[in-house]
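The values are calculated or read from the model by the stated rules, or taken from the named source; none is laboratory data. For clarity, every value in this text was computed on a predicted model and none was experimentally measured. Note: ideal-geometry Cβ built from the backbone for every residue, glycine included; neighbour counts use all protein chains shown.
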Amino acid sequence: MMELSDFEVIEIKNTWKIPMADPSGSGQAILLKFFERYPHNKLKFQDFKDQSLDQLKTCPKFKAHASRIVRTFNEAINVLGTDYTDPALHEIFSKVAISHHKRGISKASYNELKEVILEIVVAVCEMNDCQKCAWEKLMETIYELISRPLIALKSEVGFLNILKFVCN
Ligand code: HEM
């Protein structure tokens, strides 16, 4: 599944140290840009939907949530290059897929977040093309892991709907 070379794994781990020097600040920069560019995503957050971007900057819950996203990526990047990379990544991102499916997060929203994350890490790390390519591959893998359980969850819902239709 993971098609990153050893060299690319090293590049990802090295570049990741830069945003990880300030996990909360990096997470906030990502979320603020995400909400600014794609405001419909803010409406999914009960605690944030009625707050302006300026208000969010001083909101403790916003800071906490920003850190949680960065910590999830940190957990994933830590397991890269180990014997258990694939099952560990699978576990981390299946959990994300399932908890977010319940909230009705669409594939489009994931893609919007991916675009913003890549843009921010590429800029803060001043990445070269090779590092950028490694990060793009990492994000593709993560997104593939998120979409697998989503497809299963959707077909489960589809199956239950067919069952309801047949039984009625
Ligand atoms: C790879 C992408 C993502 C990661 C790693 C991630 C990570 C997390 C984590 C760790 C949590 C808290 C634990 C949980 O409830 O699952 C969470 C909650 C949440 N996420 Fe995400 N997320 C991602 C994408 C998205 C996207 C695209 C949206 C779109 C709006 C979103 C909206 C939410 C919401 C609404 C919550 C609940 C916040 C609350 O009320 O506490 N997430 N996310």
So, of the residues in the range 44-60 that are more than 8 Å from the ligand (Cβ to nearest atom) and part of a helix (DSSP H, G or I), which turns out to be surrounded by the most Cβ atoms within 10 Å (Cβ to Cβ)? LEU56
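Residue by residue, here is whether (1) crowded, with 16+ Cβ neighbours inside 10 Å; (2) modelled with pLDDT under 95; (3) closer than 26 Å to PHE7 by Cα; (4) not aromatic (Phe, Trp, Tyr) holds:
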residue	(1), (2), (3), (4)
ASN41	yes, no, no, yes
VAL70	yes, no, yes, yes
ILE77	yes, no, yes, yes
ILE92	yes, no, yes, yes
LYS95	no, yes, no, yes
LYS102	no, yes, no, yes
Starting from residues that are of a type outside the set (Lys, Arg) and within 8 Å of the ligand (Cβ to nearest atom), keep the ones in the range 24-42 and report whichever is nearest to SER106 (Cα to Cα). ASN41
Show the residue pairs that are 6+ apart or on different chains and have beta-carbon atoms under 7 Å apart, the first residue being within the range 104-121 and within 13 Å of ILE142 (Cα to Cα), the second being modelled with pLDDT of 95 or more and away from the ligand (no atom under 11 Å from the Cβ). LEU118/TRP135; LEU118/GLU136
Test result for ALA66, modelled with pLDDT under 95 and within 13 Å of the ligand (Cβ to nearest atom): yes
